[in-house]
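For reference, the structure is listed below as structure tokens.
The values are calculated or read from the model by the stated rules, or taken from the named source; none is laboratory data. Computed from a prediction, not measured in an experiment: that's the story for all the values here. We place every Cβ from the backbone using ideal geometry, glycine too, and count neighbours over all the protein chains shown. Ligands, DNA and RNA are stripped out before the accessible areas are found, and what is left, the full protein with its side chains, is counted by its heavy atoms. Shrake-Rupley method; radii C 1.70, N 1.55, O 1.52, S 1.80 Å.
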Amino acid sequence: MDQLGRVVIAGAGIGGLCAALALSKQGIQVLVCEQATTLSEVGAGLQISPNALKVLRHLGLEEELRPFAFVPQHAAIRDYRTGDYYLKSPLGAFAQERYGAPYWHLHRADLHRVLVDACLQAGVELVLNSTVLGYREHVAQQQVSIDLADGRELTAGLLIGADGIRSNIREHMLGPESPRFMGQVAWRGVIPVSDLTVDVKPDACVWAGPGRHFVSYYLRGGDYVNFVAVEERSDWQSESWREEGDVEALQRAFSGWHPEVSGLLKSAHSTFLWALNGREELPTWHKGRVVLLGDACHPMLPFMAQGAAMAIEDGYVLAKCLSRHSLKDALLQYEQSRKPRATKIQQMSKANAGLYHMHGGMLGRMKLTALQAAGRFVPTVIQAKLDAVYGYDVTKD
Ligand SMILES: Cc1cc2nc3c(=O)[nH]c(=O)nc-3n(C[C@H](O)[C@H](O)[C@H](O)COP(=O)(O)OP(=O)(O)OC[C@H]3O[C@@H](n4cnc5c(N)ncnc54)[C@H](O)[C@@H]3O)c2cc1C
């Protein structure tokens with residue numbers, strides 16, 4: 001590691017905080033700038049798979065998070081009307097044994113709070129109400145100047161853009177380009193189990209139907225059920241990428257679905273609506289003394305439940321590379337090890353839209369039936385696909 005000096009991170013999301021914690025554990029001074037004025041969080045669940053859990057374990061957070069987790073028993077894909085299983089793949093004890101780490105469901109607010117506390121304890125400086133507008137590099141001084149919206153200027157040896165899908169840092173590095181609406185919206189919400197009138201299985205369940213799908217899973221030890229309801233749309237009128245959703249419109253969109261879905265939605269009192277946006281693969285993730293991670297460089301449709309997991313892996317790998325190599329080599333190594341994996345998972349997530357939404361009518365249904373047959377007769381093929389995602393371990397040397 002050469003003398004890096006202070007690292008400034010734009011964005012205190014899951015990716016920025018993981019990077020901050022991993023860097024400070026390497027003895028690097030870190031300042032995180034977050035545009036939000038408070039760290040309050042819109043309620044939503046996250047599936048955190050074993051590949052991400054291994055990183056959280058290495059950062060010393062597994063036991064802190066355990067009381068907030070729910071352990072699903074299966075990953076399932078079911079038919080929207082009949083409830084028939086197209087896929088039922090074991091998680092629970094099986095995932096723990098196969099991958100050496102559990103598959104958990106966490107509320108994002110719980111994960112975020114645990115990360116913030118760990119960062120502060122590790123000496124990370126976190127400044128709220130602090131929007132990063134852009135930067136200027138000073139090659140001779142081996143520094144980057146960072147411009148904040150309030151007129152202040154910071155200096156750092158490295159700037160990390162962890163500022164999400166609408167990243168200012170990405171735009172500054174690679175030029176303006178808006179994220180592309182992917183033709184899908186997602187309602188998200190959390191329902192207390194005490195409000196439910198239907199039984200929900202303890203699985204990570206995708207309900208597949210024409211042009212839409214529904215995901216349900218438990219959170220917080222089973223006290224809440226999280227749902228994500230995705231619908232294809234030709235356009236998104238709003239300027240915002242998320243806004244308060246209309247519960248009745250959501251219930252209408254999924255009326256006639258299996259009673260486990262429509263019954264669950266009857267207990268929903270509030271919801272947020274997300275426009276699902278994406279980007280093409282970027283030509284590079286770093287330039288000079290500036291580097292990107294998480295949604296800032298590889299936003300993906302949430303249909304593999306891997307966006308936060310990839311941001312967590314990114315943060316850990318970036319810190320590891322910086323602890324072992326000169327800055328130039330570290331950023332090169334980081335990009336070389338992360339870009340192919342994140343791009344592959346972006347593509348897999350996109351492909352799942354076609355599967356979950358039965359694209360192509362009969363053909364779409366046949367694909368799901370083929371998946372069902374593969375699960376029965378060649379389960380190793382399906383397992384190998386999951387192994388490549390969940391069995392990956394960035395904490396190994
Ligand atoms: C419906 C849905 C379901 C999902 N489910 C899952 C799941 O089950 N599992 C999973 O792994 N992933 C899931 N994801 C994806 C996951 O939420 C994201 O990939 C992940 O949160 C990205 O983290 P990040 O830190 O890169 O970005 P973000 O979480 O977007 O964080 C960026 C941070 O930067 C701040 N910021 C932005 N601009 C600036 C600026 N200029 N200056 C300072 N601060 C700034 C923002 O306020 C924010 O705090 C889901 C996503 C959606 C939409």
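Antiparallel versus total DSSP beta bridges in the chain: what percent is that, nearest 5?
On the way: 53 of 72 bridges.
Counting DSSP beta bridges with both partners in the chain, the antiparallel share is about 75 percent.
Entry for region 1-158 at q = 0.19, 0.20 Å⁻¹: log10 I(q)/I(0) = -1.14, -1.22, Debye formula applied to identical alpha-carbon scatterers, no solvent contribution. Extension gain for the segment K266 to R252, taken as residue separation times 0.36 nm less the Cα-Cα distance, is 4.0 nm to one decimal. Projected label points at S234 and R6, each 7 Å from Cα along the beta carbon direction, are separated by 5.2 nanometres. Any chance you could check the Cα centroid distance between region 8-31 and region 366-397 for me, in angstrom? Each part reduced to its Cα centre gives a spacing of 33 Å.
Evaluated over the Cα positions of region 261-319, the convex hull gives a direction-averaged projected area, one quarter of its surface, of 6.1 nm².
Show that you can apply the helix-only estimate: for the chain, add -39,500 (n - 2.57) for every DSSP H stretch of four or more residues, divide by all residues, and state [θ] at 222 nm to the nearest 500. Mind dumping the intermediate values first?
Values: 12 runs with 145 residues, N = 397.
Helix-only estimate at 222 nm: -11500 deg cm²/dmol.
Taking amide H as placed 1.01 Å from N in the peptide plane, A69 has its amide H under 5 Å from the amide H of G221, each at least 5 places away in sequence or on another chain.
Please work out the Cα center distance from region 252-275 to region 319-359, rounded to the nearest Å. What the calculation gives is 33 Å, centre to centre.
Per-residue SASA remark: T395, around 20 Å² accessible (1.4 Å probe; ligands, DNA and RNA not included). Accessible surface for V71 stands near 60 Å², nearest 10, in the context of the full protein assembly shown (1.4 Å probe).
Mind putting a number on the dipole of region 57-213 about its Cα centre? Charges go on the C-beta only, +1 for Lys and Arg and -1 for Asp and Glu, and I need it in Debye to the nearest 20. Please list the in-between numbers first.
Values: 16 positive and 19 negative charges, 116 e Å.
Here region 57-213 has a charge dipole of around 560 debye.
Placing unit charges on each Cβ (+1 for Lys and Arg, -1 for Asp and Glu) gives the chain a dipole about its Cα centre, and among G294, M362, A229 the Cα reaching farthest toward its positive end belongs to M362.
Work out which trypsin sites (Lys or Arg not before Pro) in the chain are exposed loop sites (DSSP not H, G, I, E or B, at most 11 other Cβ within 10 Å) and give the longest gap free of them. With a cap of 11 other Cβ atoms within 10 Å, the longest stretch comes to 153-395.
Based on C-alpha pairs under 8 angstrom that are at least 6 apart in sequence, the chain has a relative contact order of 22 percent.
The accessible area of L371, taken with all protein chains in place and a 1.4 Å probe, comes to roughly 40 Å². Of all stretches in the chain that contain no GluC sites (Glu not before Pro) in a DSSP loop with at most 15 other Cβ atoms within 10 Å, the longest one is 42-176. Ordered from highest to lowest accessible area with the whole protein assembly present and a 1.4 Å probe, D84, D147 read as D84, D147. Diagonalising the gyration tensor over the Cα atoms of region 20-81 and scaling each eigenvalue by 5 before taking the square root yields semi-axes of 30, 18, 11 Å, largest first.
FRET efficiency for the E97 to F377 pair, using the beta carbon distance and R₀ = 22 Å, is estimated at 0.40. Partner lysines whose Cα lies under 17 Å from the Cα of K25, excluding those fewer than 8 positions away in the same chain, are identified as K54, K320, K396. Note on K339: aspartates and glutamates with a C-alpha under 20 Å away, same-chain residues under 8 apart excluded, are D163, E171, E177, E280, E281, D295, E313, D314, D329, D387, D393, D397.
Computed about the Cα centre, the dipole magnitude for region 256-320 is approximately 200 debye when only Lys and Arg (+1) and Asp and Glu (-1) carry charge, each at its Cβ.
Largest first, the residues H112, H269, H258 sort by 1.4 Å accessible area into H269, H258, H112. The Stokes-Einstein estimate for the chain, based on a Kirkwood radius over Cα pairs and taken at 25 °C with 0.890 mPa s viscosity, is a diffusion coefficient of 113 µm²/s. Measuring nothing but how far apart in sequence close Cα pairs (under 8 Å, 6+ apart) lie, relative to its length, region 105-245 scores a relative contact order of 18 percent.
What FRET efficiency comes out for H138 versus T284 if R0 is 30 angstrom and r is the Cβ-Cβ distance? Round to the nearest 0.05. Mind dumping the intermediate values first?
On the way: r = 20 Å, r/R0 = 0.68.
With R0 = 30 Å, the Cβ-Cβ based efficiency is 0.90.
What fraction of the DSSP beta bridges in region 1-121 is antiparallel, stated in percent and rounded to the nearest 5? Spell out each step's value before the answer.
Working: 10 of 14 bridges.
Counting only bridges with both partners in region 1-121, antiparallel ones make up about 70 percent.
Accessible area per residue (1.4 Å probe, heavy atoms of protein chains only) ranks M366, M173 as M366, M173, with the largest value leading.
Against the compact-protein benchmark of 2.2 N^0.38 Å, the Cα-based radius of gyration of region 138-216 scales to 1.90. For K201, give me every one of the lysines with a C-alpha distance below 20 angstrom, ignoring sequence neighbours fewer than eight places off in its own chain. Answer for K201, where 20 Å is the Cα cut-off: K88, K266, listed by chain and number.
Here the mean projected area of the convex hull built on the C-alpha positions of region 173-236 is 7.0 nm². Between A149 and T369, the distance separating the two model label sites (each 7 Å from Cα on the Cα→Cβ line) works out to 5.3 nm.
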